[in-house]
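Worksheet for the structure shown next.
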Amino acid sequence: MITTEGLNKIYGKDKQALDDVDLHVPRGVYGLLGPNGAGKSTLIRILTGTLKPTSGTARVAGYDCVNEIDEVRKRIAVIPQEFSLYPNLTPIEFLEYMLILSGRDIDRPLIMKRLEQVNLANQAKKRIGSFSGGMKQRVAIAQALIHEPQVIFADEPTAGLDPEERVRFRNLFSEIGLEKTVLLSTHITEDITASTNMLSVLNHGKIIFSGSTRELINTARGKVWSCQIKTGSEWERFRSRNLIFSFTLDQENEEVTALYSPKTSEIEKGSETLEPTLEYAYMLLVNQDGVGES
């Protein structure tokens, strides 16, 4: 449903935001994982027609994102990182207004179906201004779904949400992906793990991995270790020699327990190998220039 070939975007004279991006996204939920500034938002802007590429091609639902952008826009919806709602309207009134703006008749059964889907049917007659951030985000998803799009772009949709709302969103995207294509753009690996098993990793404007979450995790096998280190100079030396994923401090014994990957072939004494997670595999991938050096 989404394809790009040799897609490039250069800002100004030499700032390359996208570098020969080849992407193939089928129906279902597909993850686009990458750190902030990797080019994810630039890619989505091109796919949704708000930005033109410097070179290369992009197609959504079979239509070219430059020459046939009107056809593309009829078939897509965007759930942005930041969105604007009308605080004095109720969800029902807001969705009615969105249908009117798009030239469609008001369809109350459809509106209630979408509000039920996002678990807001019981709040349908309350003012949006009284809603929490997560509830407002769910209104935005209902707005995206009301036009029956074939493809949905979700740009960092769980940023700033509390854990309960984040779980709700992940389940909702999985449900939507049964019928539609959802490109889930995020830097949060948990969002990917909970919503899909297929992803691409974008870093510095380049696709550096495409495949399943299992395949990405397998790239980190034998590269993730745990070790206890004394604080002070020993810990500082350890940090300089390894990529640290996470660590916890035991103040009573003045020790640090660290999960890490060695930057050289030398493993720290007393270490034990660990089963990698998607997060650790992702961190290894985006930091691969600084790992495994001799």
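The values are calculated or read from the model by the stated rules, or taken from the named source; none is laboratory data. This structure is a prediction, so every number in the text was calculated from the model and none was measured. Quick reminder, even Gly has a Cβ in these numbers, built from the backbone with ideal geometry, and neighbours come from all protein chains shown. When the accessible area is computed, the model is the full protein with side chains, heavy atoms only, and any ligands, DNA or RNA have been set aside. Shrake-Rupley method; radii C 1.70, N 1.55, O 1.52, S 1.80 Å.
Can you tell me how many residues in segment 166-203 are assigned to a helix (DSSP H, G or I) and open to solvent by 20 Å² or more (accessible area, probe 1.4 Å)? Result for segment 166-203: 10. In segment 113-171, of all residues being touching a residue at least 60 places away in the same chain (Cβ under 8 Å) and either touching a Pro at 6+ places or on another chain (Cβ under 6 Å) or of a type in the set (Gly, Ala, Ser) (or both), the one that is farthest from residue 62 (Cα to Cα) corresponds to 159. Counting the residues of segment 76-96 that are modelled with pLDDT of 95 or more and closer than 26 Å to residue 26 by Cα gives 1. What do you reckon, is residue 281 of a type outside the set (Val, Ile, Thr), in a helix (DSSP H, G or I) and in contact with a Leu (Cβ under 6 Å, 6 or more places away or on another chain)? So residue 281 fits the description; yes.
Here the strands (runs of 3 or more DSSP E) wholly within segment 21-109 that include at least 1 residues being touching a residue at least 24 places away in the same chain (Cβ under 8 Å), outside the structural domain of residue 281 (by the TED database) and over 17 Å from the mean Cα position of the chain (by Cα) are 55-60, 76-79. Within segment 184-194, the set of residues being among the polar types (S, T, N, Q) and over 22 Å from residue 48 (Cα atoms) comprises 189, 193.
Looking across segment 113-134, the residues that are more than 14 Å from residue 89 (Cα to Cα), open to solvent by 10 Å² or more (accessible area, probe 1.4 Å) and assigned to a helix (DSSP H, G or I) come down to 113, 114, 116, 117, 121, 122, 133. Being basic (Lys, Arg) and assigned to a loop (DSSP other than H, G, I, E, B) is the filter here, so list the residues in segment 221-275 that pass it. Within segment 221-275, 221, 223, 263, 269 qualify.
Considered as a group, the residues in segment 146-159 that are under 22 Å from residue 43 (Cα atoms) and at pLDDT below 90 include one that is surrounded by the most Cβ atoms within 10 Å (Cβ to Cβ), and that residue is 157.
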